[in-house]
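Structure first, commentary second.
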Amino acid sequence: MSDVAAPILDIHNLSMVFGGLRAIDDVSIHIKSGEICALIGPNGAGKTTIFNCITGVYKPTKGSIAIEHGERGSERIEGLKPNIINKKGLARTFQNIRLFSNMTVLENVMIGRHNSLKAGIFKAIMRDRATREEEQRVIDESHDILKKMRLDMFINETARNLPYGAQRRLEIARALATDPFLLLLDEPVAGMNPQETKELEETINLIRDREKVTILLIEHDMSLVMNVSERIYVLDYGRLIAEGTPTDIKGNPEVIKAYLGE
C-alpha cells in the first residue's frame, strides 16, 4: 500500500541549533499516506526535537517541512504556530501525559473537537438552536471516538482517576478528535505493562486501517516498533544514520552499534 501512496509529510535538510548545540543536523524524512513509520534512537538523539519542529513548538534553524494537500499541492508549515498546524491536520501526543486531569473523559475529547465549531461568541451566549445542535454533534462525535478507543466505559470518569494505560489512550483520543490526517505519537507505550502495550499496538493499527490516519511514532519499545512499523528512521546525535524496513534496521551494523546493541 505505502509503495504507491503519495507523500504527505516531506522534511528536507532539517537542522535545529540551540546556542552551540546542534540538536538536529541536516535530517530528511518522507512519510507516505497510510504508513506507520517510526523514529528511533538513543535518548538525546533529537527525536522529540523533530516532533517539536513539525508541530510548531520550534522554528527550525534550517530546512523545510511541507505537507501535501493532494490536488492543492504542497504547503510549507515550518515556523507556523502550533494551533494553525493542528488545524491543517497534524496532531500529536507527548512523552508526559497532558490531559485536563480534573475534567471528565468526555470533556477531554470534546475539547479536541473545538476546531470544528462554527458558533461565534454571540451565538454561544445566546445559545440559539444552531448552537445547541452543534454542541450535541460534538458530544455525539466525542462518544463515537471514545467507543473506537475502548474508553466509553469511562465516559463520565474524571481523567486523573483512569488507569495509566487508559490515560494514554485518552490522550490519543483527544488528538484524534481534531480530525488529523497525520498523528504523531511521542513514546505512546512509555510506562505501560505488557498487556497495555499489546492493546495499544492493536489501537495503532486500528487508527491507521479504519480511520485512515497516517502515523509517525517515537518509541523505545523495539517489539512495538518492529511489529507496527513499515519503515523506520534512526537518529544518533541529531543525524540520520539509517532508514528502512524493520528487517533492514535489525541487520544494520551502524544501528546495532549505536542503539540496538549486540
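Read the figures in this text as sums done on the coordinates, not as results from a lab. All of these numbers come straight from a predicted model, not from anything done at the bench. Every residue, glycine as well, gets a Cβ built from its backbone with ideal geometry; the counts of neighbours run over all protein chains shown.
Only sites in a loop by DSSP and with at most 15 other Cβ atoms within 10 Å count here; which trypsin sites (Lys or Arg not before Pro) in the range 152-199 make the cut? Intermediate results must be reported in sequence, preceding the final value.
Working: sites: Arg160, Arg168, Arg169, Arg174, Lys198; in loops: none.
Answer in residue order: no site qualifies.
Let a ≥ b ≥ c be the square roots of the eigenvalues of the Cα gyration tensor of the range 14-108; is it rounded (a/c under 1.5), or, if not, prolate (a/b larger than b/c) or oblate? Can you show the working numbers first?
Working: a/c = 1.69, a/b = 1.18, b/c = 1.43.
It comes out oblate by the Cα gyration axes.
Provide the gained length on full extension for the span Val17 to Asn96, in nm with one decimal, where the gain is 0.36 nm per separating residue minus the Cα-Cα distance. Intermediate values should be presented prior to the final figure.
Values: separation 79, 0.36 × 79 = 28.44 nm, distance 2.37 nm.
Contour length minus the Cα-Cα distance gives 26.1 nm.
Filter Lys32/Lys148; Lys62/Lys198; Lys59/Lys250 down to the pairs with a C-alpha to C-alpha distance above 31 Å, please.
Numbers: Lys32/Lys148 24 Å; Lys62/Lys198 38 Å; Lys59/Lys250 33 Å.
From the list (Lys32/Lys148; Lys62/Lys198; Lys59/Lys250), the Cα-Cα distance tops 31 Å for Lys62/Lys198; Lys59/Lys250.
Equivalent-ellipsoid semi-axes (√(5λ), Cα gyration tensor) for the chain, whole Å, largest first?
Numbers: eigenvalues 209, 97, 56 Å².
Sorted largest first and rounded, they come to 32, 22, 17 Å.
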How large is the convex hull of the C-alpha atoms of the range 152-256 per residue, in Å³? 125 Å³
For Lys212, go through the aspartates and glutamates and keep the ones whose alpha-carbon is under 13 Å away, minus same-chain ones fewer than eight residues off. Glu35, Asp179
Segment Gln136-His30, extension gain: residue separation times 0.36 nm, minus the distance between their alpha carbons: 34.3 nm
Under 10 Å, Cβ to Cβ, from Val57 - net charge with Lys/Arg +1 and Asp/Glu -1: +3
Would you mind checking which residues have amide H under 5 Å from Leu217's amide H? H placed 1.01 Å from N; only 5 or more apart, or other chain. Cys37, Ala38, Leu39, Leu185
Taking every C-alpha to C-alpha distance in the range 134-200 and binning by 5 Å from 0, the per-bin percentages run 3, 16, 27, 25, 18, 8, 3, 1, 0
Fewest first, what order do Lys81, Lys32 take by the number of other Cβ atoms within 10 Å? Lys81, Lys32
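With a Förster radius of 41 Å, plug the Cβ-Cβ distance of Thr104 and Glu254 into 1/(1 + (r/R0)^6) and report the FRET value to the nearest 0.05.
Values: r = 48 Å, r/R0 = 1.17.
Plugging the Cβ-Cβ distance into 1/(1 + (r/R0)^6) gives 0.30.
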For the range 85-112 and the range 133-150, distance of Cα centres in Å: 14 Å
For Leu80, distant residues with modelled amide H under 5 Å away: none
